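What follows is a short report on a single structure.
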Amino acid sequence: MKRCHYWRNRIPEAIYGDLDIKTREKLDRHLAVCERCSDVYSGMAVTVRKMDARPAPDRPPQFWESYWDRLEWRMAHEIGESEGARAGRKGHPAGGPLSRHRAFSVPRWAHGAAAAMVFLTLGIFIGRNLLRPPAEPPLLTRVMPSEPAPGGQPVLETGPAASPLAIRASRYLKRSRVLLLAVVNSDPRAEDVFSLNLPLQKKTSEELVKEAMVLKKEFRSSDRRLERLISDLETILLQIANLKSDAGPSAVEIIKAGVESRDILFKIDLNVVRRSAGKSIVGQSPGPWGENRNQANVKAAAKA
Amino acid sequence: MSRKEEARWADRLIAGDPSGFRDFVEAYKRKVYGLAYEMTRNHADAEDISQVSFMKVHRSIGTIQPGRGLNTWLYQIVYHTSLDHIRKKSFYPREALPSIASEALFNEPPDPAAGPERAAEAACLRRRIDEALAKVSERERAVFILRHYHDLKLKEIAQALGVSLGAAKSYLFRSLRKLQKELADTETCLGTGDRP
């Protein structure tokens, strides 16, 4: 059976005359004794003879006569196409699927890249203009002052984010202002100096001096104007804190002169106005309370 | 075409003979077209494939080695170009198969001495062979066509198709067995026969 398999595979070679003489003789000997292989051989030989009845496909002579012209035209066309000289040329008779895909000189990746750019631009446009979140209303923070304002009104802090340091500075200035007004408005000739309640004001001054030192450290030159004001205040507050219990009117007068020479009350009011103006730039009008406060501050400054 | 003739063609192409490529096309066009037609069963496709194959040859003249036989290389190009073409078309145009009897596909005119009955029998047999060839696989068909109609040795066929010699032998055996099976009842074409 193994021999049969071997020889059957060689039958086509034998039919086409590809076997050498020795192998052919061996095959003939096998075919003489093996009926099944002999049948395969004869069947294949008949098939090969039948195939001879069908000649190789051919075309009329006029087809072959113009074959070179068509080929030459196509070659020239494709070379011209690759050089970008495609103007005025259209499809040709032999144009099949193999030539059609050369119609575009722009590579496919360029189309993909262009499409990606268009989508990216569209996405940015939509994201910027159509999907922008609505403007958030400014946060309103009601800050209750540690000491009530002169009019007993609460201070309304507005702004996107009032930092704790700014709030503390604001409180510090308000406390200092109240203290200075009390000192500045006292009349040592008409009243007794001790009606100022000096021990309380000395204690308050000490607290404010300590707070001034902390504030100055925390500001770290972020707001130089405010820092300078606190330094000036610190000097005055130190003078108040260092007043002796038996200090005469001259000592109070010196403090008054210091306050006036440094324009400390004016600077405090100016700072309040500046803060209000900053808030209105953000988009928030100062509001009735803010306006009242500013007017009161300006009046107080004028008084001072 | 002998080995020496092939080597002469190669030398002419490499030397850049102005008429060399044209003569080469004239010499090989029927063979190239024939294999392309057998692979696609369509004349328009066969012409397209043959032209593309010659253009590939023209582009690759610089790679030809002096004295090298061109037959195997050329058939290799045609075979692979045909496969590419078939895959691009994505279907085998069986419906477009031209009827051998209705179209003048072959130059060989019917023998006037044979008479109309013999001519009808021959046409019937041709059609049956054509149908049988369409039923074998592309590789089996290529091996059979190159051996039977192009007279290539099995070793050359193996090189052209990029398969081993044993595989080429096996493909030839299988194609012949299938054709034998398909053409077993061609006796019906004899006598009254099924005239197209």
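Just to be sure, is B:Glu131 more than 29 Å from B:Gly69 (Cα to Cα) and not assigned by TED's automatic domain parsing to the domain that holds B:Asn71?
For B:Glu131, the condition - more than 29 Å from B:Gly69 (Cα to Cα) and not assigned by TED's automatic domain parsing to the domain that holds B:Asn71 - is met.
In the list B:Ser2, B:Ser50, B:Ser102, which residue meets the criterion of being open to solvent by less than 80 Å² (accessible area, probe 1.4 Å), at pLDDT below 90 and more than 7 Å from every other protein chain (Cβ to nearest Cβ)?
B:Ser2
Can you name the number of the only condition in (1) in a helix (DSSP H, G or I); (2) open to solvent by less than 30 Å² (accessible area, probe 1.4 Å); (3) more than 14 Å from chain A (Cβ to nearest Cβ) that B:Gly69 fails?
Only one criterion is unmet by B:Gly69, namely (1).
Residues of the stretch B:144-172 being open to solvent by 60 Å² or more (accessible area, probe 1.4 Å) and more than 18 Å from the chain's Cα centre (by Cα), which ones?
The answer is B:Ser164, B:Leu165.
Which ones in the stretch B:72-88 are facing chain A (nearest Cβ under 8 Å) and surrounded by 21 or more Cβ atoms within 10 Å (Cβ to Cβ)? Before the answer, list the steps.
Kept after step one, since they are facing chain A (nearest Cβ under 8 Å), are these residues of the stretch B:72-88: B:81, B:84-85, B:88.
Correct list: B:Thr81, B:His85.
Specify which of the listed residues (A:Arg49, A:Arg59) is modelled with pLDDT of 70 or more, out of contact with any strand residue (DSSP E or B) (no Cβ under 6 Å at 6 or more places or on another chain), within 14 Å of another protein chain (Cβ to nearest Cβ) and in a helix (DSSP H, G or I).
A:Arg49
For A:Asn242, work out the one condition from (1) over 23 Å from A:Leu200 (Cβ atoms); (2) open to solvent by 80 Å² or more (accessible area, probe 1.4 Å); (3) polar (S, T, N, Q) it doesn't fulfil.
(1) is the only condition that A:Asn242 fails.
Of the conditions (1) open to solvent by 30 Å² or more (accessible area, probe 1.4 Å); (2) of a type in the set (Ser, Thr, Tyr); (3) within 13 Å of A:Val48 (Cα to Cα), B:Ser175 fails just one. Which one is it?
The single condition B:Ser175 does not satisfy is (1).
Just one of the numbered conditions (1) assigned to a helix (DSSP H, G or I); (2) within 14 Å of another protein chain (Cβ to nearest Cβ) is not true of B:Pro18; which one?
(1)
Which residues, counting only those in the stretch A:8-24, are surrounded by 14 or more Cβ atoms within 10 Å (Cβ to Cβ), within 14 Å of another protein chain (Cβ to nearest Cβ) and either over 15 Å from B:Leu176 (Cα atoms) or of a type in the set (S, T, N, Q) (or both)?
A:Asn9, A:Asp18, A:Leu19, A:Thr23
Within the stretch A:143-156, identify whether any single residue is at pLDDT below 80, of a type in the set (Ser, Thr, Tyr) and surrounded by 15 or more Cβ atoms within 10 Å (Cβ to Cβ), and answer yes or no.
Residues of the stretch A:143-156 that are at pLDDT below 80, as a first pass: A:143-156.
Adding the requirement that they be of a type in the set (Ser, Thr, Tyr) leaves A:146.
Now restrict to residues that are surrounded by 15 or more Cβ atoms within 10 Å (Cβ to Cβ): none.
No, there is no match, as no residue in the stretch A:143-156 is at pLDDT below 80, of a type in the set (Ser, Thr, Tyr) and surrounded by 15 or more Cβ atoms within 10 Å (Cβ to Cβ).
Please pick out the residue among A:Leu71, A:Leu27 that is assigned to a helix (DSSP H, G or I) and within 7 Å of chain B (Cβ to nearest Cβ).
On inspection, the qualifying residue turns out to be A:Leu71.
Mind checking whether some residue in the stretch A:118-131 is among the polar types (S, T, N, Q), over 24 Å from B:Glu47 (Cα atoms) and at pLDDT below 55?
Taking every residue of the stretch A:118-131 in turn, none turns out to be among the polar types (S, T, N, Q), over 24 Å from B:Glu47 (Cα atoms) and at pLDDT below 55.
Quick one: A:Leu237 ticks every box in (1) modelled with pLDDT under 85; (2) closer than 17 Å to A:Val178 by Cβ bar one, so which box is it?
(1)
The values are calculated or read from the model by the stated rules, or taken from the named source; none is laboratory data. Please read all numbers here as calculations on a predicted model, not as lab measurements. For neighbour counting, all protein chains shown are included, and Cβ atoms are generated from backbone atoms with ideal geometry for every residue, glycine included. Surface accessibility is based on the protein's heavy atoms, side chains included, excluding ligands, DNA and RNA. Shrake-Rupley method; radii C 1.70, N 1.55, O 1.52, S 1.80 Å.
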